[in-house]
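Take a look at the structure set out below.
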Amino acid sequence: MPFAKQPIGRKVFIVCNTALLTAVFLLGILPFMHLLAVSLSSNLAVVAGEVSLWPKGLTFDAYRFLGQKQEFLQSLFVSLKRVVLGTVVNMVLVVLTAYPLSKENAKFPLRTLYVWFFAVTMFLGGGLIPTYMIVKETGLLNSIWALILPGALSVWNMIMLLNFFRSVPKDLEEAALIDGAGHLTLLVRVYIPISVPAIATILLFTIVGHWNSWFDGIIYMNSPEHYPLQSYLSTLVTSVNLNLEQISTDDLAAMNKLSERTLRTAQIFLGALPIMLVYPFLQRYFIKGIVVGSVKE
């Protein structure tokens, strides 16, 4: 029905809803536009506070400075490797754990015990020092696996996928079992295809978690060349400010054209850009995966 022919109440709702969604959209996009504008603006414009949503004195010096740093490129490679390996390990463990725990107690007698075993870890942890000692004694320090294995299984994600698996119609499972399918075939050919929304949601959480993690890189890596990108970016400004005697002449010349704020906004934008590119491809599964996976039937 055309808008002009809508009842008054419906028109008010459409206008208010459109205004609200527009405001939410602007609240989400304007900060990133400001970050990008600052990172692409000249030092004088940034220091003078003249930059809002559009660059002034367009320059790519901040990105050129970061792109020429070998440490930056190395940390980017470490982060990419962590995201790929960590996502594969996390997703495999989450799926293989959620599937048996989604069965009834009659089929899996110790199911409740195992669920409580995992659930307790959501509220109680060993703490930083015991975790560090375990990572050290297992020889994982200064390796990519120190960033992956300590958090290899997310109990939150496992419970969400478990509840999604429990919503799968039992008729499909029984039909597959009658046809001679085993549990592995049942998981791969029945449960996983039906659970794509939940799996895509967990995949998004996992990618974002690995990409944004920075503290574990600083704790478990003994040398900066093994830092993931976020750990490197978190120390870059401090190292630039405090260790000027270690900076080359070329770097000093480049920094004369930059302000601390320009460099920092360039870091933030580069750190958020990959997730901004990945999210649109998984967003259509996000809401359905959250809603169905969080409701136990």
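The values are calculated or read from the model by the stated rules, or taken from the named source; none is laboratory data. The model shown is predicted, which means the values in this text are computed figures rather than measured ones. A quick note on method: Cβ atoms are made from the backbone with ideal geometry, for glycine too, and the neighbour counts reach across all protein chains shown.
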Of all residues making up the range 1-29, the number that are at pLDDT below 85 and either assigned to a loop (DSSP other than H, G, I, E, B) or loosely packed, with under 10 Cβ neighbours inside 10 Å (or both): 10
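Quick check on my filter: what residues within the range 135-158 are under 21 Å from the mean Cα position of the chain (by Cα) and more than 18 Å from residue 125 (Cα to Cα)?
Initially, the range 135-158 is screened for residues under 21 Å from the mean Cα position of the chain (by Cα), giving 143-158.
143, 144, 145 - these are the residues of the range 135-158 that are under 21 Å from the mean Cα position of the chain (by Cα) and more than 18 Å from residue 125 (Cα to Cα).
Where residues in the range 78-109 are surrounded by 11 or more Cβ atoms within 10 Å (Cβ to Cβ) and at pLDDT below 90, which of them is nearest to residue 166 (Cα to Cα)?
102
Which residue, of 192, 202, is farther than 30 Å from residue 74 by Cβ and of a type outside the set (Gly, Ala, Ser)? Spell out the reasoning first.
On the way: 202 fails: farther than 30 Å from residue 74 by Cβ.
Of the residues listed, the single one that is farther than 30 Å from residue 74 by Cβ and of a type outside the set (Gly, Ala, Ser) is 192.
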Near pairs, Cβ below 7 angstrom, 6+ apart or cross-chain, from the range 67-92 (farther than 20 Å from residue 197 by Cα and aromatic (Phe, Trp, Tyr)) to any residue that is outside any helix (DSSP H, G or I) and at pLDDT below 85: none
Boolean, residue 102 is in contact with a helix residue (DSSP H, G or I) (Cβ under 7 Å, 6 or more places away or on another chain), under 20 Å from residue 214 (Cα atoms) and of a type in the set (S, T, N, Q): no
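Conditions tested, residue by residue: (1) outside the structural domain of residue 105 (by TED's automatic domain parsing); (2) within 13 Å of residue 98 (Cα to Cα); (3) at pLDDT below 90.
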position: 145; (1), (2), (3): no, no, no
position: 149; (1), (2), (3): no, no, no
position: 163; (1), (2), (3): no, yes, yes
position: 166; (1), (2), (3): no, yes, yes
position: 173; (1), (2), (3): no, no, yes
position: 178; (1), (2), (3): no, no, yes
position: 181; (1), (2), (3): no, no, yes
position: 189; (1), (2), (3): no, no, yes
Residues of the range 146-164 that turn out to be among the aromatic types (Phe, Trp, Tyr) and in contact with a Gly (Cβ under 9 Å, 6 or more places away or on another chain), as a count: 1
Count - residues of the range 183-224 that are surrounded by 16 or more Cβ atoms within 10 Å (Cβ to Cβ) and among the basic types (Lys, Arg): 0
Any hit, the range 204-217, residues being among the acidic types (Asp, Glu), modelled with pLDDT of 85 or more and either within 28 Å of residue 91 (Cβ to Cβ) or within 14 Å of the chain's Cα centre (by Cα) (or both): yes
